[in-house]
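Below is one structure; the comments refer to it alone.
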Amino acid sequence: MKLLRLGVLTGTLLATLAVAPPAGAAALPYQDPALPVATRVADLMSRLTLDEKLGQMTQAERASVSNSDITQYRLGSVLSGGGSAPGSNNATGWADMTDGFQNAALATPLGIPLLYGADAVHGHNNVVGATIFPHNIGLGATRDPDLVQQIGRAVAEEVTATGVDWDFAPCLCVARNDRWGRTYESFGEKPELVSSMATIVTGLQGSSLGGTASVLATAKHYLGDGGTTSGTDQGNTQLSEAELRAIHLPPFQAAIQRGVGSVMISYSSWNGSKLHGNQYLITTVLKGELGFSGIVVSDWNGIDQIDGATGMSATDVRSAVNAGIDMVMVPTAWKSFIDLLRAEVNAGRVSTSRVDDAVRRILTKKFELGLFERPLADRSFLSTFGGSAHRALARQAVAKSQVVLKNAGNVLPIAPSGGKIFVAGRHADNIGLQSGGWTVSWQGSSGNTTPGTTILQGIRNTVGSGATVTYNASGSGIDSSYRVAIAVVGEQPYAEGQGDRPSGMGLDSTDLNTLTTLRNSGVPVVVVLVSGRPLDIASQLGTWNGLVAAWLPGTEGQGVADVLFGAVQPTGKLPMTWMSSASQQPINDGDGKTPLFAYGYGLSYGAPADTTPPATPGTPTASNVTASSATLSWTASTDNVGVTGYEVVRVAGTGETVLASPSANTATLTGLSASTAYTFAVYAKDAAGNRSTRSGTVNVATSPGADGYPPTIPANLTASNVTSSAATLTWTASTDDTGVTGYDVLRAVGPSGGTFTQIGTATGTTYTATGLQPSGTYRFYVRARDAAGNVSAGSNTVVVTTGSSGGTCRVGWVPNTWGNGFTANVTIYNLGTTTINGWTLTWTFSGNQQVTSAWNATVTQSGAAVTARDVGWNGTIAPNGNAQFGFQGTYSGTNGTPTLFTLNNTPCVVS
């Protein structure tokens, strides 16, 4: 089969080479960069076969793919998973690796370049020597969107140097439970803060795709991954749609407004429905309502979880692609994905229009990035990779991210000159610990994993004349002669899954023992907490003189020392509410729980903090009201320091929900429900985080709108009362905003393959399928319809095998078709009560199929008539047993399944 496929591809290659233009010429429209992108995409789409389209939708992991695989299967993307790197893990080694893969893609007949993807989530963190910036939780503490955009630009330049075109960042999750192991990937607990940091998208991509060092950014993980119950990674977010939209959707809206090129789907579920199969949220909301025109990509093996079974199935593939996923990340099982998707398309369960939409989105981004003109690594950026300019920017970000939480007796800032300073804690002199997860390896690790400045080195660089610094990780050796002790303690590195904390959230015994040793000396203790989230420290806080939340600063530990010694004034503000105890989780601003430190808290060394709120904004007025949107405007607020933005809230009784966080005195609200009355109001905020009193309210009634929402998917389809000719199907009812009017019942013949066709309708949740063949195998699924004609996605598929009506044999026929070739796996079932000793199976093809080779049988053909005989060792079939064989063939036109088989001159049932 592989040889036949290679022969087909070789024929295609020769045909294409025959019309290939001279070097440097753009003989075909898609090769002409002067033409509009849409024109180039349309031309290239017209030249693609189905297999080439399926290849474009496939993303494989670098360790599971070869250059010849890329060329043969026309793969659209390759990625490096966390810690997956070339043997020479440096910038040049990466550039050599990605160029090798890219040249394999360019060797295909149409020369479509790859998108090479990597998780550069706080710098190009897989590459040794890269600048490692603070994780997002620290950047959220800076409250500085401009700085975050600059960081995005620096990351893009380092990524570009290595030939990576696609960055799986930023994470725009809104972390609502600190037990979640990905809390540090979030900029904060409030949607307005996370939305403000979408500036990193502009940093990564540039003002538009295709400019200097332009990298495709990814807003992830859509939608609600930060809101799962108990903070469980890949768990279930149990919220109403209004809550989901209010809390978790705004950051994605902000990213789309900035032209983000891709969106990654979350592993998590929303009210029990896996996001990877949620057509409503992906297609209706993201692509339809929000107008997202880029690539929707799955997470690592994310589609495998849709049907709840282990591994990838046809149901997983069909559900994910029909839900709206365009590029599927199938790191190792990518060949199986292509085969399954091809079968689903050929069977009509995934439409060619859905495939075309996905491929069109992928090609559009490749053209917009300029990959057809500049496919290889831009090595001009190698000279600045991990260089001083980027490290200076990271140092600035570290300093701005430091949050001073306690400063008893003004122990901070520490005087840099004179006296003895003691430093303790495992995190003080350890790049790996201070950088956290997603640093060189996926989960991160302890040690000098990549070049940088440890916090201890930063302290030693900062102290002046007459001062000495002593370091001991456990605190051993301290006495009362030291004027201050700095304890750098915190969490061990972790990433998703391993970072969840369902029980304790405090410091471990090693750190607690170190702190006890320091306190027993009588020396003032300043704790520098290196962590990816707030920790449970309330019971220890009273014995500490100072506390600084350093988060996960990355390679530039000098920025921590800059704040400790007053070279930089602390300005960081908490991006999360700091718990008084782990039992409060989840705890968030405004939920009525009493925190240890409130959201937005942070001390400074200088003048008293600004506590004066802005003036109350004017009462908003509404305009341009439609069925799903409205524009609000109001008189601007004033403030003694300056208004930095507004919060538009929906008022419902005594509750409020933030819907938008504009910087100016106008906002367009989208995603509203038709024919619904709303009440809105506005708050103003200043740079210190002070919030004004609420404005007056405005009442808005949206206009009626056409029902564009399909019913929910019917669930729990089962079969009962199965006879030789009938089966009763039952399922759980769908729901719909206007009402379900009925269900379509669809059937396909055989355990796999074939085409589903509608066989009937039902108004209720049961249907009896009749006219089935005895001992036949069938597959069924149902879909719901509403009064507007909207159709849900298909339910789960149920397989039914009918009973025997006295026949003695059944034949199973499973074809696999590509181009002008095919294979068929044939199974002969003995339904009788006596053993078959030697068998001959005959059938007649309906078209011009020609058998070319076979296995486990001797197959001969005369015209359309075919005879298959056992090969001795498989000639005996016991009652209820079976024998299998297969063959390979060619055809043109259609490749229909034979309708009649005869076994030893006895007709058999076909399934």
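The values are calculated or read from the model by the stated rules, or taken from the named source; none is laboratory data. Here the structure is a predicted model, which means the values were calculated and not measured. With ideal geometry, Cβ positions are generated from the backbone for all residues, glycine too; neighbour counts draw on all protein chains shown. These accessible areas exclude ligands, DNA and RNA; they are computed on the full protein's heavy atoms, side chains included. Shrake-Rupley method; radii C 1.70, N 1.55, O 1.52, S 1.80 Å.
One line per residue, one yes/no per condition, for (1) in contact with a Lys or Arg (Cβ under 9 Å, 6 or more places away or on another chain); (2) not aliphatic (A, V, I, L, M):
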position: L515; (1), (2): no, no
position: S521; (1), (2): no, yes
position: L529; (1), (2): no, no
position: D536; (1), (2): no, yes
position: S539; (1), (2): no, yes
position: T543; (1), (2): yes, yes
position: A550; (1), (2): no, no
position: Q558; (1), (2): yes, yes
Could you check how many residues of the range 619-661 are open to solvent by less than 20 Å² (accessible area, probe 1.4 Å), part of a loop (DSSP other than H, G, I, E, B) and in contact (Cβ under 8 Å) with a residue 60 or more places away in the chain? 2
Among the residues of the range 691-709, are any closer than 30 Å to R342 by Cβ and either open to solvent by 70 Å² or more (accessible area, probe 1.4 Å) or at pLDDT below 90 (or both)? no
Taking into account only those residues within the range 468-490 that are touching a Gly at 6+ places or on another chain (Cβ under 7 Å) and open to solvent by less than 20 Å² (accessible area, probe 1.4 Å), which is farthest from S435 (Cα to Cα)? A487
Just checking, does the range 107-122 include any residue being surrounded by fewer than 22 Cβ atoms within 10 Å (Cβ to Cβ) and more than 25 Å from M45 (Cα to Cα)? no
Positions within the range 283-298 being over 17 Å from L115 (Cα atoms), of a type in the set (V, I, T) and open to solvent by less than 30 Å² (accessible area, probe 1.4 Å), in sequence order: V285
Has the range 410-430 got at least one residue that is surrounded by 20 or more Cβ atoms within 10 Å (Cβ to Cβ) and more than 24 Å from P134 (Cα to Cα)? yes
What is the number of the single condition among (1) touching a helix residue (DSSP H, G or I) at 6+ places or on another chain (Cβ under 9 Å); (2) of a type outside the set (A, V, I, L, M, F, W, C); (3) within 24 Å of V791 (Cα to Cα) that G288 does not meet? (1)
Of residues in the range 737-771 being farther than 24 Å from R318 by Cα and at pLDDT below 85, the one most open to solvent (accessible area, probe 1.4 Å): D737
Note on the range 598-609: residues closer than 19 Å to K685 by Cβ and either modelled with pLDDT of 95 or more or open to solvent by less than 40 Å² (accessible area, probe 1.4 Å) (or both) are A598, Y599, G600, Y601, G602, S604
Residue pairs within 6 Å by beta carbon, gap of at least six or interchain, first lying in the range 294-310 and on the phi < 0 side of the Ramachandran plot, second of a type in the set (S, T, N, Q), listed first then second, are G294/S262; I295/S262; V297/S262; I306/S319; D307/S313; D307/T315
Output the number of residues of the range 457-467 satisfying the condition of being surrounded by 15 or more Cβ atoms within 10 Å (Cβ to Cβ) and in contact with a strand residue (DSSP E or B) (Cβ under 9 Å, 6 or more places away or on another chain). 5
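Within the range 880-911, restricting attention to residues that are over 50 Å from the mean Cα position of the chain (by Cα) and not in a strand (DSSP E or B), which residue is modelled with the highest pLDDT? Break it down stepwise before answering.
Filtering the range 880-911 for residues over 50 Å from the mean Cα position of the chain (by Cα) gives 902-907.
This time we only want the ones that are not in a strand (DSSP E or B), so: 904-905.
On the way: N904: 91, N905: 87.
Among them, the one singled out is N904.
Each row is one residue, and each column tells you yes or no for (1) within 16 Å of T58 (Cα to Cα); (2) in contact (Cβ under 8 Å) with a residue 40 or more places away in the chain; (3) of a type in the set (S, T, N, Q).
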residue: R342; (1), (2), (3): yes, yes, no
residue: E368; (1), (2), (3): no, yes, no
residue: F372; (1), (2), (3): no, yes, no
residue: P375; (1), (2), (3): no, yes, no
residue: D378; (1), (2), (3): no, yes, no
residue: S388; (1), (2), (3): no, no, yes
residue: V404; (1), (2), (3): no, yes, no
residue: A408; (1), (2), (3): no, yes, no
Looking only at the range 524-578, count every residue that is touching a strand residue (DSSP E or B) at 6+ places or on another chain (Cβ under 6 Å) and open to solvent by less than 10 Å² (accessible area, probe 1.4 Å) and tell me the total. 20
Which of the residues spanning the range 169-208 are of a type in the set (S, T, Y) and surrounded by fewer than 24 Cβ atoms within 10 Å (Cβ to Cβ)? S196, T199, T202, S207, S208
Kindly indicate whether L371 is more than 21 Å from T514 (Cα to Cα) and not in a loop (DSSP other than H, G, I, E, B). no
Any idea which of T202, T218 is of a type in the set (V, I, T), in contact (Cβ under 8 Å) with a residue 40 or more places away in the chain and touching a Lys or Arg at 6+ places or on another chain (Cβ under 6 Å)? T202
Do you know which of the residues in the range 342-380 that are more than 23 Å from G261 (Cβ to Cβ) and in contact with a strand residue (DSSP E or B) (Cβ under 8 Å, 6 or more places away or on another chain) is most open to solvent (accessible area, probe 1.4 Å)? N346
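Here is a check on your reading of the model: is T229 within 28 Å of S503 (Cβ to Cβ) and surrounded by fewer than 24 Cβ atoms within 10 Å (Cβ to Cβ)? Steps first, answer last, please.
On the way: within 28 Å of S503 (Cβ to Cβ): yes; surrounded by fewer than 24 Cβ atoms within 10 Å (Cβ to Cβ): yes.
It is true that T229 is within 28 Å of S503 (Cβ to Cβ) and surrounded by fewer than 24 Cβ atoms within 10 Å (Cβ to Cβ).
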Take S503 and decide whether it is under 30 Å from G226 (Cβ atoms) and surrounded by fewer than 21 Cβ atoms within 10 Å (Cβ to Cβ). yes
Somewhere in the range 850-873, is a residue of a type in the set (F, W, Y), farther than 19 Å from C809 by Cα, open to solvent by 20 Å² or more (accessible area, probe 1.4 Å) and in a loop (DSSP other than H, G, I, E, B)? yes
Can you tell me how many residues in the range 536-552 are among the aliphatic types (A, V, I, L, M) and in contact with a Gly (Cβ under 6 Å, 6 or more places away or on another chain)? 1
Note down all Cβ pairs under 8 Å where the first residue falls in the range 272-286 and is under 13 Å from V321 (Cα atoms) and without any contact (Cβ under 8 Å) to a residue 60 or more places away in the chain, the second is open to solvent by 50 Å² or more (accessible area, probe 1.4 Å) and part of a helix (DSSP H, G or I), and they're at least six residues apart or on different chains. H276/Q305
